[in-house]
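Engineer: Handing you this structure, nothing more for now.
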Amino acid sequence: MSNKILVVDDKQMMRDSVGTTLQRAGYGVVVASDGNTALSMVAKHRPAAVITDLKMPEIDGLELLARLRQADDQLPVVLMTAYGSVNDAVAAMKKGAFDFIQKPFEGDQLVMVMRRAVEHSRLLRENAALRTVTAPQGDTPALVGKSLVMRQLAQQIHQIAGSNGTVMICGESGTGKEVVSRTIHAHSSRRDNVMLAVNCAALSSNLLESELFGHERGAFTGADQMRKGRFELADGGTLLLDEISEISPVLQAKLLRVLQEQSFERVGSSLTMQVDVRVIATTNRDLTAAVASGAFRQDLYYRLNVLPIVLPSLRLRTDDVPLLVEHFLLQLAMRDGREPKRFDDESIDLMKQYTWPGNVRELQNICERASVLSRGRVIKAGLIQPWLIAPEPTILIQPPGQPVTVPVPVHSRFAAPATMAVAPAPASTGNIRRLEEVEREQIVQTLGYFSGNRMRTAKALGIGVRTLGLKLKKWKEMNLVAQTI
Ligand SMILES: Nc1ncnc2c1ncn2[C@@H]1O[C@H](COP(=O)(O)OP(=O)(O)OP(=O)(O)O)[C@@H](O)[C@H]1O
Ligand SMILES: [Mg+2]
């Protein structure tokens, strides 16, 4: 891994002297004179550590530290503070600085601090590589947002993480239910133990039962080996039960028992097992309605709903759009090892007005698609505008000659969208063609960017890989794209 250190200071003399000392100690050095340049340099050079001055115009050291932490929380950042300013040093450490060094300092002192930072970085990265093998949940993603609701949420997460109660997270698809769950786990006393997740909607009732509780050998046809369930495997840690509304009445009863007594039996066994698991359940449906209709047990609902969190849809907190966009663009730049792109003001306005039926996940997809497809560093509104009008499949399945109806997303349980970004396009065949051409061009370009990899292309464009395959097949038959694609 790189042994580069990024030195950030607005004063050239300081950059030079710190840089030279570190170079003499054998480190690669890159320099930046302000916070924005520093962020780009981090994306481009992936240094092992950063040392930055605290007092700088525009973005100061603390703000830079906060932004770097959001983009990559493993990068150690050391702050240079004024001599004797304990407050500054404390503030820096509180905000997650790796260390601080008070000015004026000796060369040896500097080298010692930075050596520790670089070593720390190396160990963290090695650990992370190991963890991704043993625990596929990976690192906790950042939870970005400064709107009032998000600040309240942060406070709530902080309180909830300190307790052991069952959490119920309710919110539309893509609002960040999983990120919030992982953040709670990462801040709880269980953080050194595992966090596992089960999607309750993805499995049949029988399979889900054995997934959750495990089974003995021979418990049912095909059970040729004993298998531990998620409750057993998550002992001491956290279990995320996604889409809880989908579980069958039989399993609802079993789940109720685990929550009450922390005990269960493997399928096909009479041996009762005792575990210590914190449950976090999520749903994008209105569970109170399911309780009222009798589809969901009321006693289970109350057991789950001990610490409720309601995640607001993105259209109700569009203040967060610029920050989220900046976060995603920086993340993408770091992933691809290039400078971050940015949206022009008009794009940001468009995005603030859009209704975001797919919430933050949709915004993340738009950022990825736009940063792949835009040629320059600045992403123009014209590029993203077509994506913010209508979900594409509805338009494309229209046979030629039929009128086009551009659907406004309907969110039954949630308030109707206040505004649409742009009025729906008038019905005409010409429009279908143009949109289809735009789409084809985007898909072909994106495929090229990902060297023909359909999975990554589909992900970047926010469509299913099957949908992508069908479209390509159709276009090949019509000779609209190269047969080799
Ligand atoms: N506040 C946020 N800050 C940064 N990234 C976020 C935030 N909220 C969501 N994301 C990102 O958006 C994507 C969707 O989030 P997540 O998977 O947590 O949503 P979800 O509510 O669980 O969706 P679903 O109901 O479809 O399972 C993820 O890639 C996540 O990292
Ligand atoms: Mg989820």
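Engineer: Hey, if you put +1 on the Cβ of every Lys and Arg and -1 on every Asp and Glu Cβ in the chain, which of Thr140, Ala223, Val481 ends up farthest toward the positive end of that dipole?
Structural biologist: Val481
Engineer: Can you tell which of Pro308, Thr183, Ala333 lies farthest toward the positive end of the dipole of the chain, using +1 and -1 charges on the Cβ of basic and acidic side chains (Lys, Arg; Asp, Glu)?
Structural biologist: Among Pro308, Thr183, Ala333, the one farthest towards the positive end of the dipole of the chain is Ala333.
Engineer: Using mean Cβ contacts within 10 Å as the protection proxy, how do 183-191, 149-157 order, highest first?
Structural biologist: Most protected by this proxy first, the peptides run 183-191, 149-157.
Engineer: Taking H placed 1.01 Å from N in the peptide plane, check which residues at least 5 places from Val277 or on another chain put their amide H under 5 Å from its amide H.
Structural biologist: Here Gly236 satisfy the definition.
Engineer: Could you tell me whether segment 135-215 comes out rounded, prolate or oblate from its Cα gyration tensor? Rule is a ≥ b ≥ c as square roots of the eigenvalues, rounded for a/c under 1.5, then prolate if a/b exceeds b/c, otherwise oblate.
Structural biologist: prolate
Engineer: Show which lysines lie in cross-link reach of Lys95 when reach means a straight Cα distance below 28 angstrom and same-chain residues fewer than eight apart are skipped.
Structural biologist: Lys4, Lys11, Lys44, Lys55, Lys103, Lys146, Lys177, Lys341
Engineer: Further question: Enumerate the helices in the chain for which the Kyte-Doolittle hydropathy averages -0.5 or more and the C-alpha atoms extend at least 27 Å along the helix's axis, using complete DSSP H runs.
Structural biologist: Span-like helices in the chain: 107-134.
Engineer: Right, something else. How big is the convex hull of the Cα atoms of the chain, per residue, in Å³?
Structural biologist: Per residue, the Cα convex hull of the chain comes to 192 Å³.
Engineer: Expressed in nm to one decimal, what extension gain is obtained for the pair Asp108 and Asp349 from 0.36 nm per residue of sequence separation less their Cα-Cα distance?
Structural biologist: 81.7 nm
Engineer: Counting only the backbone N, which residues of segment 227-265 are under 11 Å from the spot 7 Å out from the Cα of Gln274 toward its beta-carbon?
Structural biologist: Answer for segment 227-265: 262-263.
Engineer: Over the chain, what is the mean sequence separation of C-alpha contacts under 8 Å (at least six apart), divided by residue count, expressed as relative contact order in percent?
Structural biologist: The normalised contact order for the chain reaches 12 percent.
Engineer: Applying 1/(1 + (r/R0)^6) with R0 = 30 Å to the Cβ-Cβ distance of Asp319 and Glu58, what FRET efficiency is obtained, to the nearest 0.05?
Structural biologist: 0.90
Engineer: Using the Cα centre of the chain as origin and beta-carbon charges of +1 (Lys, Arg) and -1 (Asp, Glu), tell me which of Gly19, Ala370, Leu251 is placed farthest towards the positive end of the dipole.
Structural biologist: With unit charges placed on the Cβ atoms, the residue in question is Ala370.
Engineer: Taking the mean number of other Cβ atoms within 10 Å as a proxy for protection, how do you rank 101-110, 230-239 from highest to lowest?
Structural biologist: Top to bottom by mean Cβ count within 10 Å: 230-239, 101-110.
Engineer: Helix-derived [θ] at 222 nm for the chain: sum -39500 (n - 2.57) over DSSP H runs of at least 4, divide by residue count, nearest 500?
Structural biologist: Mean residue ellipticity, 222 nm, calculated: -14500 deg cm²/dmol.
Engineer: Residues in segment 69-93, backbone N under 15 Å from the label point at Ser17 (7 Å along the Cα-to-beta-carbon vector): list them, ranges by number please.
Structural biologist: 80-83
Engineer: Something else now. Treating each Cα of segment 234-346 as an identical point scatterer and ignoring solvent, apply the Debye formula and state log10 I(q)/I(0) at q = 0.15 Å⁻¹.
Structural biologist: The Cα Debye sum returns log10 ratios of -0.80.
Engineer: Just to check I understand the Karplus step: with θ = phi - 60° and J = 6.51 cos²θ - 1.76 cosθ + 1.60, what whole-Hz values come out for segment 270-285, glycine and proline as x?
Structural biologist: Listing the rounded values in order: 10, 7, 7, 10, 10, 10, 10, 10, 8, 9, 10, 10, 10, 8, 10, 10 Hz.
Engineer: Further question on the same structure: Treating cross-link reach as a plain straight distance, find the aspartates and glutamates whose alpha-carbon is under 20 Å from the alpha-carbon of Lys254, omitting any fewer than eight places away in the same chain.
Structural biologist: Glu209, Glu211, Glu216, Glu232, Asp235, Asp242, Glu243, Glu246, Glu265, Asp276, Asp299
Engineer: Run the dipole for the chain about the Cα centre, Lys and Arg Cβ at +1, Asp and Glu Cβ at -1, nothing else charged, and hand back the magnitude in debye, nearest 20.
Structural biologist: Dipole of the chain, to the nearest 20 debye: 760 debye.
Engineer: Straight-line reach from Lys471: which lysines have Cα under 16 Å away, leaving out those fewer than 8 places along the same chain?
Structural biologist: Output for Lys471: Lys459.
Engineer: Additional query: Using just the alpha carbons, could you tell me how many Å³ per residue the convex hull of segment 148-310 encloses?
Structural biologist: Cα-based convex hull of segment 148-310, divided per residue, equals 108 Å³.
Engineer: Of the peptides 57-68, 11-22, how do they stack up when ordered by the mean number of other Cβ atoms within 10 Å, highest first?
Structural biologist: Sorting 57-68, 11-22 by mean packing, highest first, produces 57-68, 11-22.
Engineer: Under 14 Å from the Cβ of Asp34, count the other residues' Cβ atoms, weight Lys and Arg +1, Asp and Glu -1, and hand me the total.
Structural biologist: Value of the local net charge: -2.
Engineer: Express the accessible area of the chain per residue in Å², computed with a 1.4 Å probe while the remaining protein chains stay in the model.
Structural biologist: Result: 50 Å² per residue.
Engineer: Pop out the carbon and sulfur fraction of the accessible area of the chain as a percent, whole number, probe 1.4 Å.
Structural biologist: 53 percent
The values are calculated or read from the model by the stated rules, or taken from the named source; none is laboratory data. Just so it is clear, the model here is predicted, and its values are computed rather than measured. Positions of Cβ are generated from backbone atoms using ideal geometry, with glycine treated the same way; all protein chains shown enter the neighbour counts. These area figures cover heavy atoms from the full protein model, side chains too; ligands, DNA and RNA do not enter into them. Shrake-Rupley method; radii C 1.70, N 1.55, O 1.52, S 1.80 Å.
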